There are 2 protein chains.
Amino acid sequence: MLKAAYYEGNQSVRVGACAPVPPAPGQVQIEVSHCGICGSDLHMFHGAMDQRVHMPFVFGHEMSGAIARVGEGVNGFSPGDHVTVRPIDPCGECPACRAGHSHVCQRLKFIGFDAPGALQSLWTVPAHTLHRLPASLPLEKAALVEPLSVACHDVRLAGVRKGEYVVIQGGGPIGILIALVVRNTGARAVISEVNPFRLSLARELGFEAVNPKETDLVKHVMDATRTAGADVVFEVSGSAAGAETITQLARVRGRIVVVAIFSHVPKVDLFRIFWRELSLQGTRVYEPEDFEQAIALAASGTLPLERLISEVCPLEGVQSALNRLESGGEVMKILVRCSEDEG
Amino acid sequence: MLKAAYYEGNQSVRVGACAPVPPAPGQVQIEVSHCGICGSDLHMFHGAMDQRVHMPFVFGHEMSGAIARVGEGVNGFSPGDHVTVRPIDPCGECPACRAGHSHVCQRLKFIGFDAPGALQSLWTVPAHTLHRLPASLPLEKAALVEPLSVACHDVRLAGVRKGEYVVIQGGGPIGILIALVVRNTGARAVISEVNPFRLSLARELGFEAVNPKETDLVKHVMDATRTAGADVVFEVSGSAAGAETITQLARVRGRIVVVAIFSHVPKVDLFRIFWRELSLQGTRVYEPEDFEQAIALAASGTLPLERLISEVCPLEGVQSALNRLESGGEVMKILVRCSEDEG
């Protein structure tokens, strides 16, 4: 039976029949294998996007699957091909698109919020969003390509180099993925995180991980770098405390990368940014090359991505998964099986 | 008679006899021609550096002059040579120095605050601070080379390119100099300033200048750029309002440059920095190449630098000059004549 998870408002998700959409010209229909649940989904679940999504709304955007049907004019993809989707649909006309930054289009449609998402058996999307997955990459693991692409984008824009000392504030899925990509670049990644489960997982993955509520993070970094400070600081916590420490952690001419979605306007020490000639770079979503890098990394097997998957549940488990993520307990990434015969 | 201006605390400056220091090995003694008064001098005058300077203290660091005596081991400079001083003395040993960023040394001595400055007839400095001035450049105008070097450094680190739309928040001497360098690069400079005198001067110099208390600056910039926003925003005002608008003015992937010395920790919209993938770069003082560029620009005569000089006074006028700058009235740059027979 074809199913879908529908967000209905009031922190409620219902599983019902999927209504497959035949692929129009330029579109493909995908049999979704797995779909991860992300912090933004949780944000929607809290009601923060009730004006943006059309309820009942199928959400989800971190997915893997196989092409089921191909619309007219779509070349290069055939039924059965394993794919993932880069879920952004730019307008192509705004100043950002015209300047070559269509991934941060001024009228960007994010598929999974501004158009129906992947938490369903059959999902229809524009073919321009597709990235081919190698047969060697299991579809379960491939559902992590989208968040891994975020990490690849962040690390690329930070220009992380071999041998650098990198602090990552926030050890959730994106923070850990950034740390994995940073380490793969040959740099040293130190994670700052307050959740004990996430701290343990970071340490099990071989990272130096610090609880800033127990250890003076700034002193720790200054001692480790002989008073220089960190080459790069990724701010993934979205907290006022995080916004305060970024400028204290970075070395002279150090780079700070803002990955987190801040829900408040924090104080930032612009004097320190001036004094140490720091740079601060905002990074959002990804560009096609980041997806290609993420797919290659995932397929290479060099990153222990499977260690981030806390559990795999059926579509019927989405509501309870959101509740568990909400509680901030012993959970990292939850994947949802969206079809009966997943890869 | 050899004279010097001594800061004595309590917003008081006394003119007294200069006590010439014979140049030690590696040093030169300069007959100072002109010395400008800068915002940092005003900051000191307010008492903010009373723990840092050794009173009675000769300040001043924006100068021009001629070599009077050369210490042992100094090559390439002879008495009579026209010079200016890059007034920074790095330790050479800290992580920033070792990484090649000695201009923002972690233990930087700024000559004019951490060592005696130029508001005196004869001034002794390390020879490594010297930059030669061409004979064609009048010494009065050459006193503007130091602040012009700040502007060159800021514009260089911002990577301003021909045709770009650039907003400069703050139309004091540094803001106007940045605008002049930006315009010289072939970019369009728009100045935001609240002081009516400075607004008029900016307009007389041919700049588009906006009073953000009368005009909606963000709307003005969005209209002018067809909703894109500015390519580059220089924040030179140091105000909370300035920290708020930087993120509203910049286009997707736009660059914000923090030039101002913030005396408070302002709120900065990190969400907007994330959303538009903005970058924010702190810039401080200058590197040798910035001085060389500033000297070449000043000597070329392409910039109307003389228009920034509101008045030229003798050393006896320093106290009253500081008071006038303090009042924020009809004044831009005040120069001080430091010797009787200036160039």
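Output the residues belonging to the stretch B:66-118 that are part of a loop (DSSP other than H, G, I, E, B) and of a type in the set (K, R).
Quick first cut of the stretch B:66-118, residues part of a loop (DSSP other than H, G, I, E, B) only: B:71-81, B:86-87, B:90-94, B:99-101, B:105-108, B:112-114, B:116-118.
If the condition is that a residue be part of a loop (DSSP other than H, G, I, E, B) and of a type in the set (K, R), then B:R86, B:R107 are the ones that fit.
B:V318 meets all of the listed conditions (1) closer than 29 Å to A:E277 by Cα; (2) in a helix (DSSP H, G or I); (3) in contact (Cβ under 8 Å) with a residue 60 or more places away in the chain but one, namely (1). Here A:R284 meets each of (1) assigned to a strand (DSSP E or B); (2) facing chain B (nearest Cβ under 7 Å); (3) in contact (Cβ under 8 Å) with a residue 60 or more places away in the chain with one exception, condition (1).
Within this structure, A:F262 passes the test of being in contact (Cβ under 8 Å) with a residue 24 or more places away in the chain, in the same structural domain as A:V182 (by TED's automatic domain parsing) and among the aromatic types (F, W, Y). Within the stretch A:119-137, the set of residues being in a loop (DSSP other than H, G, I, E, B) and either of a type in the set (D, E) or crowded, with 19+ Cβ neighbours inside 10 Å (or both) comprises A:L119, A:S121, A:L133, A:L137.
Name the one entry in B:I174, B:I191, B:I178 that is modelled with pLDDT of 95 or more and outside any helix (DSSP H, G or I). Even if it seems obvious, please write down each step before you answer.
On the way: B:I174 fails: outside any helix (DSSP H, G or I); B:I178 fails: outside any helix (DSSP H, G or I).
Only one candidate passes the filter, namely B:I191.
Can you tell me which residue among A:E62, A:E31 is open to solvent by 10 Å² or more (accessible area, probe 1.4 Å) and under 26 Å from A:P173 (Cα atoms)? Let's see the steps before the verdict.
Details: A:E62 fails: open to solvent by 10 Å² or more (accessible area, probe 1.4 Å).
Exactly one residue qualifies, and that residue is A:E31.
Listed by first and then second residue, the pairs with beta-carbon distance under 7 Å, at least 6 apart or on different chains, first residue in the stretch A:137-150 and among the charged types (D, E, K, R), second open to solvent by less than 10 Å² (accessible area, probe 1.4 Å) and at pLDDT 95 or above, are A:E140/A:H34; A:E140/A:L335; A:K141/A:A298; A:K141/A:L305; A:E146/A:H61; A:E146/A:E62; A:E146/A:T84.
Just wondering, is there one or more residues in the stretch B:151-165 that are under 22 Å from B:L322 (Cα atoms) and out of contact with any helix residue (DSSP H, G or I) (no Cβ under 6 Å at 6 or more places or on another chain)? There is no residue in the stretch B:151-165 that is under 22 Å from B:L322 (Cα atoms) and out of contact with any helix residue (DSSP H, G or I) (no Cβ under 6 Å at 6 or more places or on another chain). Residue selection: A:A250 satisfies the criterion of being crowded, with 24+ Cβ neighbours inside 10 Å, over 30 Å from A:G36 (Cβ atoms), within 12 Å of chain B (Cβ to nearest Cβ) and not aromatic (F, W, Y).
Just checking, does the stretch A:95-103 include any residue being more than 15 Å from B:R276 (Cα to Cα) and in contact with a helix residue (DSSP H, G or I) (Cβ under 9 Å, 6 or more places away or on another chain)? Checked against the condition, which is being more than 15 Å from B:R276 (Cα to Cα) and in contact with a helix residue (DSSP H, G or I) (Cβ under 9 Å, 6 or more places away or on another chain), the stretch A:95-103 yields no hits at all. In the set (1) within 11 Å of another protein chain (Cβ to nearest Cβ); (2) in a helix (DSSP H, G or I), the condition left unmet by B:A294 is number (1).
Of the residues making up the stretch B:1-38, those that are charged (D, E, K, R) and outside any strand (DSSP E or B) number 1.
Of note, A:R198 does not satisfy the criterion of being open to solvent by 10 Å² or more (accessible area, probe 1.4 Å) and within 14 Å of chain B (Cβ to nearest Cβ).
You will find that of B:G65, B:G117, B:G60, the residue that is in contact (Cβ under 8 Å) with a residue 40 or more places away in the chain and touching a Pro at 6+ places or on another chain (Cβ under 8 Å) is B:G117 and no other. For the stretch B:332-343, which residues satisfy the criterion of being open to solvent by less than 50 Å² (accessible area, probe 1.4 Å) and at pLDDT 95 or above? Residues satisfying the conditions are B:M332, B:K333, B:I334, B:L335, B:V336, B:C338. Just one of the numbered conditions (1) open to solvent by less than 10 Å² (accessible area, probe 1.4 Å); (2) part of a loop (DSSP other than H, G, I, E, B); (3) not hydroxyl-bearing (S, T, Y) is not true of B:A243: (2).
The values are calculated or read from the model by the stated rules, or taken from the named source; none is laboratory data. Because the structure is a prediction, the values reported are computed rather than measured. Heads up, the Cβs are rebuilt from the backbone with ideal geometry, glycines too, and the neighbour counts pull from every protein chain shown. Areas reflect the complete protein model, heavy atoms only, side chains present, ligands, DNA and RNA absent. Shrake-Rupley method; radii C 1.70, N 1.55, O 1.52, S 1.80 Å.
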